[in-house]
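A quick write-up on the structure given underneath.
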Amino acid sequence: MASEEPDHLERPRRSRARLLLGLAAAVLALDLATKLLVVATLSDREPLRLLGGAVYLTEARNTGAAFSFAEGATVVFTLIAVVVVVVIVRSARRLFSTGWAVALALVLGGAVGNLVDRVFRDPGFLRGGVVDFVSLFDPYGQVWPIFNVADSAIVCGGVLGALLAFRGIEFDGGRARDADGADDDAAVRD
């Protein structure tokens, strides 16, 4: 039986800010590298068929949100991405959950990756087209919208965040408390 340490002997909790920022930087680097490669090799070329047609690599530009939704609102989505980035970075110091650090890192890296495209690509500042290049089951996005590494990271981060929230895991690594102030785990133990 393990003995519990008194409060004054507990190990200090460590912020997961480094994990968040490091993983976000890795996602951003992978996203930018793949987009540069796609623009250099797939521009003005027929889509590349892989896995018997289950996956196609192609180059497409998206000036809208995910799945080419609201293509006329590029500036709005750019500003929303900036707000998301700022909120995640500002909350990084208060983050002690490894799961939340990974989830937010995926969202942060993906948001910055697509933000770089919106700021620096044609047709201009805050209106640039995001480079998408993975198409499933059809070379032109007729079955599933064409996407990129950043989009994948954002979706995976969102799903992981939803799972963590559903399980009641807080940013500080603890469990959510119910209205009585009791820990969710306490109810299971009783």
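The values are calculated or read from the model by the stated rules, or taken from the named source; none is laboratory data. In this text, all values refer to a predicted model and were calculated from it rather than measured experimentally. Ideal geometry is used to build each Cβ from the backbone, glycine not excepted, and the neighbour counts take in all protein chains shown. Remember, those area values only see protein heavy atoms, side chains included, never the ligands or the DNA or RNA. Shrake-Rupley method; radii C 1.70, N 1.55, O 1.52, S 1.80 Å.
Quick notes on this one:
- For the stretch 124-149, the set of residues classified as touching a residue at least 12 places away in the same chain (Cβ under 8 Å) and in a loop (DSSP other than H, G, I, E, B) consists of Leu126, Arg127, Gly128, Gly129, Phe137, Asp138, Pro139, Tyr140, Gly141, Pro145, Ile146, Asn148, listed by residue number.
- Leu95 vs. criteria farther than 26 Å from Gln142 by Cα, modelled with pLDDT of 95 or more, open to solvent by less than 60 Å² (accessible area, probe 1.4 Å) and not β-branched (Val, Ile, Thr): no
- Within the option set Val76, Val89, Val39, being open to solvent by 30 Å² or more (accessible area, probe 1.4 Å), over 21 Å from Val159 (Cβ atoms) and modelled with pLDDT under 90 holds for one residue only, Val76.
- For the stretch 117-164, a residue qualifies if it is touching a strand residue (DSSP E or B) at 6+ places or on another chain (Cβ under 8 Å), over 18 Å from Glu46 (Cα atoms), of a type outside the set (Gly, Ala, Ser) and buried (at least 21 other Cβ atoms within 10 Å of the Cβ), and the qualifying residues are Asp117, Arg118, Val130, Asp151.
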